[in-house]
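Structure first, commentary second.
The values are calculated or read from the model by the stated rules, or taken from the named source; none is laboratory data. Quick caveat: nothing in here was measured; it's all calculated off a predicted structure. Backbone-built Cβ (ideal geometry, glycine too); neighbour counts: all protein chains shown. Note: accessible area is taken over every heavy atom of the protein model, side chains too, but ligands, DNA and RNA are not part of it. Shrake-Rupley method; radii C 1.70, N 1.55, O 1.52, S 1.80 Å.
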Amino acid sequence: KNQVEQSPQSLIILEGKNCTLQCNYTVSPFSNLRWYKQDTGRGPVSLTIMTFSENTKSNGRYTATLDADTKQSSLHITASQLSDSASYICVVSWRPGGYNKLIFGAGTRLAVHP
Amino acid sequence: GAGVSQSPRYKVAKRGQDVALRCDPISGHVSLFWYQQALGQGPEFLTYFQNEAQLDKSGLPSDRFFAERPEGSVSTLKIQRTQQEDSAVYLCASSLAWGGEYTNQPQHFGDGTRLSIL
């Protein structure tokens, strides 16, 4: 079964600290992997999109890594800010037929405290 | 507008009532998606449109769920005879294009409609 699993489920860090969120997937065939940020009560916003040939991609203080062999990805947040408090969702793009479908993880809920 | 717009933001209905949720995608976006997001979970795929054509409705949970996009822009998700298990956030997303050379296109999400069935 195609699955996307994220860890930890939730995380609390202090402002200014770094953190790393993990994503494991069993989706096949795999097209690309995305990380989204979802603020409470808002829709998800795209942070990064990586194909299987890309190992890392950055977007400001966010850096995503991908190991397509082990089917693992991580999202590293540097120098966290209060506004980083949100859910971070790992999404794998799957191509069962003529077009891609997205499979979403349950997310990691991050709380940044002052 | 600049982003995907959904209305209403909140909808409360009694069990058995019909509801209609609206999505205005980003202008010019060919592809439109509906997702259902339960509390504390990631979104789950419901259906996909390319222009006015509904290419995939495999995620619709029952025949009480119906979606349309008659002119290839605005879309409506209708739920008939609502049940308590229909309570969730319904998200709409649009993309400039999808599939093929557009495999890596981002999907732009609206803020969703939070549906509560009493």
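Here's the yes/no breakdown for (1) free of Cβ contacts under 8 Å to residues at least 12 places away in the same chain; (2) under 22 Å from A:Tyr36 (Cβ atoms); (3) out of contact with any helix residue (DSSP H, G or I) (no Cβ under 7 Å at 6 or more places or on another chain):
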position: B:Leu55; (1), (2), (3): yes, no, yes
position: B:Leu60; (1), (2), (3): no, no, yes
position: B:Arg64; (1), (2), (3): no, no, yes
position: B:Glu68; (1), (2), (3): no, no, yes
position: B:Gly110; (1), (2), (3): no, yes, yes
position: B:Leu115; (1), (2), (3): no, yes, no
### Task
Provide a single number: the residues in the range B:103-118 that are open to solvent by less than 40 Å² (accessible area, probe 1.4 Å), within 16 Å of the chain's Cα centre (by Cα) and either farther than 21 Å from A:Ile49 by Cα or among the acidic types (Asp, Glu) (or both).
3
### Task
Evaluate the following for A:Gly60: is it at the interface with another protein chain (Cβ under 10 Å from one of its Cβ atoms) and without any contact (Cβ under 8 Å) to a residue 12 or more places away in the chain?
no
#### Entry: Residue in the range B:76-90 that is within 11 Å of another protein chain (Cβ to nearest Cβ), surrounded by 16 or more Cβ atoms within 10 Å (Cβ to Cβ), in contact with a Phe, Trp or Tyr (Cβ under 9 Å, 6 or more places away or on another chain) and under 18 Å from A:Ser93 (Cβ atoms) present
no
### Task
Output the qualifying pairs, or none if there are none: Cβ atoms under 7 angstrom, residues six or more apart or on different chains, first residue in the range B:1-27 and at positive phi, second residue open to solvent by 60 Å² or more (accessible area, probe 1.4 Å).
B:Gly16/B:Arg81
#### Entry: Of all residues making up the range A:93-113, the number that are part of a loop (DSSP other than H, G, I, E, B) and either of a type in the set (A, V, I, L, M) or more than 10 Å from chain B (Cβ to nearest Cβ) (or both)
1
### Message
Taking the criterion of being assigned to a loop (DSSP other than H, G, I, E, B), surrounded by 15 or more Cβ atoms within 10 Å (Cβ to Cβ) and on the phi > 0 side of the Ramachandran plot, would at least one residue in the range A:60-73 satisfy it?
### Response
yes
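What do you reckon, is A:Ser83 assigned to a helix (DSSP H, G or I) and either more than 10 Å from every other protein chain (Cβ to nearest Cβ) or open to solvent by 50 Å² or more (accessible area, probe 1.4 Å) (or both)? Steps first, answer last, please.
On the way: assigned to a helix (DSSP H, G or I): yes; either more than 10 Å from every other protein chain (Cβ to nearest Cβ) or open to solvent by 50 Å² or more (accessible area, probe 1.4 Å) (or both): yes.
So A:Ser83 fits the description; yes.
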